[in-house]
2 protein chains.
Amino acid sequence: MLTRYKMTMSYDGHLFHGFQLQPDQRTVQGTVEDALKKMTKGQRVIVQGSGRTDASVHALGQVIHFDYPGKAIPANKMILALNSMMPTDIIFTDCQIVDENFHARYSIKGKWYRYRVSLDHFVNPFKRFYTGHFPYALDVKKMQEAGRDLLGKHDFTSFAASGGQIEDKVRTIYYVNITKDEKENEVIFDFIGSGFLYNMVRIMVAALLEIGNERRPLHDLKRVIAAKDRQEVRQTAHASGLYLYHVFYDDVPQKYRQDRYL
Amino acid sequence: MLTRYKMTMSYDGHLFHGFQLQPDQRTVQGTVEDALKKMTKGQRVIVQGSGRTDASVHALGQVIHFDYPGKAIPANKMILALNSMMPTDIIFTDCQIVDENFHARYSIKGKWYRYRVSLDHFVNPFKRFYTGHFPYALDVKKMQEAGRDLLGKHDFTSFAASGGQIEDKVRTIYYVNITKDEKENEVIFDFIGSGFLYNMVRIMVAALLEIGNERRPLHDLKRVIAAKDRQEVRQTAHASGLYLYHVFYDDVPQKYRQDRYL
């Protein structure tokens, strides 16, 4: 008998070689699978994530599922058991027993990524693993206006790292919000979309920073999207500022559907 | 010819074995002295801090001085040179050339320590190196009221770790402020005093948390101070929440002299 668990987790990515299992590397998937193997006394339980995150990338709302063999454990006991076996850079924040139709990856209706950029003159020692760094002039209003050009359904070939293997590069961006956190001296980028290509958020952030720094025209992203050419944006913002913030398994709420007004 | 430099620095303490130089250990003092040795082509320059910080303890305003031999380097060049040689967990934020009467330790008029306590149910992966952790009921108003009992000139023997070698345990506490950061779900403790004994801030925080959790009477600190016995407070809050926030070399400003109203 198998019981399917859906679990939500946060992790500090800076000491992991990414989410996906790799032999002889410390990964999030590997860490969770090792704990489950102890619980099952040696049986491998495959952990399926909503998607991979790269080395140094963080999660505040990664979602996984797995099928636990043998006697079902109540969800509130499963979360305590797994948290007690996790290292301090992983924490499970929610656990539910779900039916077999739920799939952490294929049931997704949308994903929310956040990117934090520190504007401090020097790299702040307390933020070196948790933000990107851009110590130059930045016009947040211009970036916010430029961000609207990303909304809607587009072929995002220009924003996909060349290493990606997915052929269909069409995605829908529902929500783009760029704000200044004055207290922290940071700019926060939020993106919600149907899905994101490999490195897509980091490439969008890099392009928006160029616009905010007036090294790229205000509405250049329209041209970049139309060009379908990765060479149009050569930069990729550093992994350390990126957070998988939330995964939607129901329709993305209307309040986050800025694309409705296009 | 020697030129004395006063420099202010921040560091993330979690990967250091404390401030003070120790053979074969990564320390803040050792890291700065190694950089200065490169600048002088092999001559040792002794770095004097305002005081030590323990392993895992952070600084947002540690102050050091050193006497640089040879040709004087302008302060704005010295800070750039040293920052370029620092690892990413140390950053210098200010540099001044001072006269030989200035001493990072003996010229001190006051010190400001901050302590951050996370109230999250589980240890937050992003705060594990940067806060203490207290996932229990806590009455911040009671702690604030109890904190006033620490103000003024007292023999703080009850709040000094037994390892300390300083005989005179009399210190003056000028300012105690305890606030809740709702957004971060943290309690922030601020203490300004003439000086602090070994582990004194961490022991005061532990005692205040017991009061806030109603495991100790509201005005018990008066009795604890009078007892002059370390056994009166058995707990010490974890090093990871402690920050050396500021060092005063001028009189502590009147707005921080709560002890005036006693």
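Summing Cβ point charges (Lys, Arg +1; Asp, Glu -1) relative to the Cα centre of the range A:110-261 gives a dipole of roughly 40 debye.
Placing a label point 7 Å from the Cα of A:Lys183 along the Cα-to-Cβ direction, the distances to the matching points in the other copies come to 0.4 nm, shortest first.
Classified by the C-alpha gyration tensor, the range A:141-262 has a rounded form. Its axis ratio a/c, with a ≥ b ≥ c, is below 1.5. When the helices of chain B are scored as -39500 (n - 2.57) per DSSP H run of n ≥ 4 and the total is divided over every residue, the value at 222 nm lands at -6000 deg cm²/dmol. Classification of the range A:185-242 by its C-alpha gyration tensor yields an oblate form. The axis ratio a/c (a ≥ b ≥ c) is 1.5 or more, and b/c is at least a/b.
Cross-link pairs exceeding 25 Å in C-alpha to C-alpha distance, out of A:Lys38/A:Lys109; A:Lys141/A:Lys183; A:Lys127/B:Lys109; B:Lys127/B:Lys222; B:Lys109/B:Lys153; A:Lys183/B:Lys127, comprise A:Lys38/A:Lys109; A:Lys127/B:Lys109; B:Lys127/B:Lys222. Placing a label point 7 Å from the Cα of A:Leu2 along the Cα-to-Cβ direction, the distances to the matching points in the other copies come to 7.3 nm, shortest first.
Helix A:75-85 and the long axis of chain A differ in direction by around 80°, with both axes built from C-alpha atoms.
What's the longest uninterrupted piece of chain B once you rule out the chymotrypsin sites (Phe, Trp or Tyr not before Pro) that are loop residues per DSSP with at most 12 other Cβ within 10 Å?
Counting only loop sites that pass the neighbour cut-off, the longest clear stretch is B:137-262.
Out of all DSSP beta bridges with both ends in the range A:110-261, state the antiparallel percent to the nearest 5.
Expressed as a percentage, antiparallel bridges in the range A:110-261 total about 95.
Of the residues A:Lys37, A:Lys142, the one with the fewest other Cβ atoms within 10 Å heads the list, and the complete ranking is A:Lys37, A:Lys142.
Normalised by the number of residues in the range A:102-148, the mean separation of alpha-carbon contacts (under 8 Å, six or more apart) gives a relative contact order of 31 percent. What is chain A's relative contact order, in percent, from Cα pairs under 8 angstrom and six or more apart in sequence? It comes to 24 percent, rounded to a whole number. Apply 1/(1 + (r/R0)^6) to the Cβ-Cβ distance of A:Val140 and B:Arg257, taking R0 = 41 Å, and write down the FRET efficiency to the nearest 0.05. Given R0 = 41 Å and the Cβ-Cβ separation, E is 0.55.
For A:Thr53, the residues whose modelled amide H falls within less than 5 Å of its own, excluding neighbours fewer than 5 places apart on the same chain, are A:Phe19, A:Gln20. What the phi angles of the range A:33-40 give under the Karplus curve with 6.51, -1.76 and 1.60, with θ = phi - 60°, is a coupling list of 5, 4, 5, 5, 5, 5, 5, 8 Hz, glycine and proline written as x.
Among beta bridges identified by DSSP and lying wholly in chain B, the antiparallel ones come to about 90 percent. Exposed loop sites were defined as GluC sites (Glu not before Pro) in DSSP loop states (anything but H, G, I, E or B) carrying at most 14 other C-beta atoms within 10 Å; in chain B the longest segment without such a site runs B:1-99. Exposure proxy for B:Arg4, A:Arg105: other Cβ atoms within 10 Å of each Cβ, ordered fewest to most, give A:Arg105, B:Arg4.
Rounded to the nearest whole Hz, the Karplus-based 3J(HN,Hα) values (6.51 cos²θ - 1.76 cosθ + 1.60, θ = phi - 60°) of the range B:100-107 follow the sequence 6, 7, 6, 9, 4, 9, 7, 8, with x at glycine and proline. The shape of the range B:61-200 comes out oblate: with a ≥ b ≥ c from the C-alpha gyration tensor, a/c is at least 1.5 while a/b does not beat b/c. Per residue, the average separation of C-alpha pairs within less than 8 Å and at least 6 apart gives the range A:110-261 a relative contact order of 37 percent.
Ranked for footprinting exposure by Cβ neighbours inside 10 Å, fewest first, A:Ser240, B:Ser118 give A:Ser240, B:Ser118.
Computed 3J(HN,Hα) for the range A:16-26, one whole-Hz value per residue from the Karplus formula 6.51 cos²θ - 1.76 cosθ + 1.60 where θ = phi - 60°, is 10, 8, x, 6, 5, 3, 9, x, 6, 10, 7, glycine and proline marked x. Where in the range B:1-23 does the amide nitrogen come within less than 17 Å of the point 7 Å from the Cα of B:Lys77, taken along Cα to Cβ? Flagged as within label range: B:1-6. Annotation for A:Ala72, label-to-label distances across the other copies: 7.9 nm (shortest first, one decimal, point 7 Å from Cα along Cα→Cβ).
Read-outs throughout are calculated quantities, based only on the coordinates presented, and are distinct from any laboratory measurement. Since this is a predicted model, take the numbers as computed values, not measurements. Note that each Cβ is placed from the backbone with ideal geometry, even for glycine, and that neighbours are counted across all protein chains shown.
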